[in-house]
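First the structure, in the form of structure tokens, and then the observations on it.
The values are calculated or read from the model by the stated rules, or taken from the named source; none is laboratory data. These figures come from a predicted structure and were not determined experimentally. Backbone-built Cβ (ideal geometry, glycine too); neighbour counts: all protein chains shown.
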Amino acid sequence: MAGLGEEIMFSGKDRPMKRVFIFGYYGFHNIGDEAILEAIVEEFREILPDVNITVLSYNASETSNRYQIAAVSRNRFWEVIKSIKNANLVMSGGGSILQDVTSSRSLMYYLGIIFLAKLMGKKVAFYGNGFGPILRPSNQWLVKHIINYVDLITVRDVESREVMQQLGIKQPIHVTADAAFMLKTLNMDLSESHRDLHSRKVAISVRQWKNKEQYVPILAACADELVQKGYEIFMIPMQTPSDRIISEEIILQMQSPAKIINSKPTPKEMIGLIAGMDFVIGMRLHSLIFSTIACVPMIGLAYETKITSFLKMVEQPCAGNVETLTLDDMMMTTSEFLENMDNYRAKISHYNHELKMKSAKNTLLIKSFLMEGDSSV
């Protein structure tokens with residue numbers, strides 16, 4: 001593997017290879033963000049094989065070994081600066097990293113990368129990003145004045161575009177879909193090939209969030225009710241160890257047995273696991289996205305607008321916001337869902353195909369944009 005700054009040549013052409021520096025929430029053992037990165041790498045290798053990728057990661061050696069690409073630690077600032085300097089394109093690689101609900105600190109970090117890249121005269125692009133919310137007025141001002149210099153913006157849902165426009169982003173914004181929809185899964189009907197027709201299974205994916213003292217016992221009671229109806233319960237942590245901890249808290253409050261997936265599956269393995277379920281109750285966005293890829297219907301639990309936006313997009317029910325969730329809402333939503341599950345499964349199959357088509361536009365737009373002219377570093 002070539003080191004940073006090393007000049008690599010196009011096959012048969014006397015010019016330097018295009019270099020892309022991708023930043024995002026990688027290396028934190030969040031399977032959703034790893035799915036995004038894996039999909040981007042696969043897409044680039046297929047559609048942009050003459051592009052050299054360097055990725056920002058919390059665990060650079062792990063990311064480099066896993067994807068066979070160059071990676072730099074987000075804490076090694078001089079290496080990050082060098083990677084930006086060496087790049088033809090600096091790209092925000094999906095996810096909801098531009099928001100200040102969980103942290104203003106991380107928002108400042110990513111805005112700093114964009115600002116520095118533009119200061120160096122680099123092209124900057126967003127690749128199927130989620131966006132917002134941005135709550136603090138000072139953050140809103142910074143976002144507006146920095147992101148208006150981004151050269152190409154693609155977002156994964158209409159709501160992200162609307163939030164950008166409301167903040168004063170004047171650049172054209174293309175609505176595509178989450179990059180994970182382009183993961184190269186097996187060419188088969190996952191839901192039919194993996195589901196055990198003699199056993200009924202439900203996957204539950206939750207994360208740590210405010211007011212868990214209320215929603216943990218509600219989910220435990222709902223899971224117990226599903227066991228009484230003949231379903232096996234599988235807790236699927238999407239980020240370790242935090243999701244595993246709260247999953248265990250739910251199991252401890254259940255009266256019935258449940259299983260927890262303690263291994264660390266790859267994104268494709270997790271999609272295969274979900275494909276064996278009858279349905280999913282999901283709080284993590286990528287548990288819902290993986291369910292869509294596997295053509296498995298779902299009940300969503302909202303903690304941010306990105307969850308309600310996605311559920312609306314694929315016409316699947318939401319039991320409510322976890323901060324105000326009631327047992328009645330959870331039970332009523334589940335009851336209605338079970339009565340109409342075949343209808344929800346048909347809808348999810350339709351939207352799976354549609355979202356794959358939209359997601360494919362991300363790389364095509366990047367290819368067209370990156371190959372305009374032939375600027376070299």
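One residue stands out among those in segment 69-112 that are among the hydrophobic types (A, V, I, L, M, F, W, C) and in a strand (DSSP E or B): the one that is farthest from Phe181 (Cα to Cα), which is Val72. Applying the condition of being modelled with pLDDT of 65 or more and in a loop (DSSP other than H, G, I, E, B) to segment 188-216 and asking which residue is surrounded by the most Cβ atoms within 10 Å (Cβ to Cβ) yields Val206. If you check Glu323, Glu336 for being in a loop (DSSP other than H, G, I, E, B) and surrounded by fewer than 15 Cβ atoms within 10 Å (Cβ to Cβ), only one passes: Glu323. Would segment 297-316 turn up any residue that is of a type in the set (Ser, Thr, Tyr), crowded, with 24+ Cβ neighbours inside 10 Å and part of a helix (DSSP H, G or I)? Looking through segment 297-316, none of the residues is of a type in the set (Ser, Thr, Tyr), crowded, with 24+ Cβ neighbours inside 10 Å and part of a helix (DSSP H, G or I). For segment 87-104, check the following and say yes or no: at least one residue is assigned by TED's automatic domain parsing to the domain that holds Ile22, farther than 20 Å from Val163 by Cβ and charged (D, E, K, R). No; the residues of segment 87-104 include none that is assigned by TED's automatic domain parsing to the domain that holds Ile22, farther than 20 Å from Val163 by Cβ and charged (D, E, K, R).
Assess whether Ser309 counts as being under 17 Å from the mean Cα position of the chain (by Cα) and of a type outside the set (Lys, Arg). Criteria met by Ser309. Taking every residue in segment 342-353 that is touching a residue at least 24 places away in the same chain (Cβ under 8 Å) and pairing it with any residue that is surrounded by fewer than 16 Cβ atoms within 10 Å (Cβ to Cβ), at least 6 positions away or on another chain, the pairs with Cβ-Cβ distances below 6 Å are Lys347/Glu315. Restricting segment 337-351 to residues that are out of contact with any Pro (no Cβ under 7 Å at 6 or more places or on another chain) and at pLDDT 95 or above, the residue that is nearest to Ile218 (Cα to Cα) is Leu338.
Applying the set (1) out of contact with any strand residue (DSSP E or B) (no Cβ under 7 Å at 6 or more places or on another chain); (2) outside any helix (DSSP H, G or I) to Ala220 leaves exactly one unmet item: (2). Of the candidates Gln239, Gln228, Gln214, the single residue that is under 21 Å from the mean Cα position of the chain (by Cα) and not hydrophobic (A, V, I, L, M, F, W, C) is Gln239.
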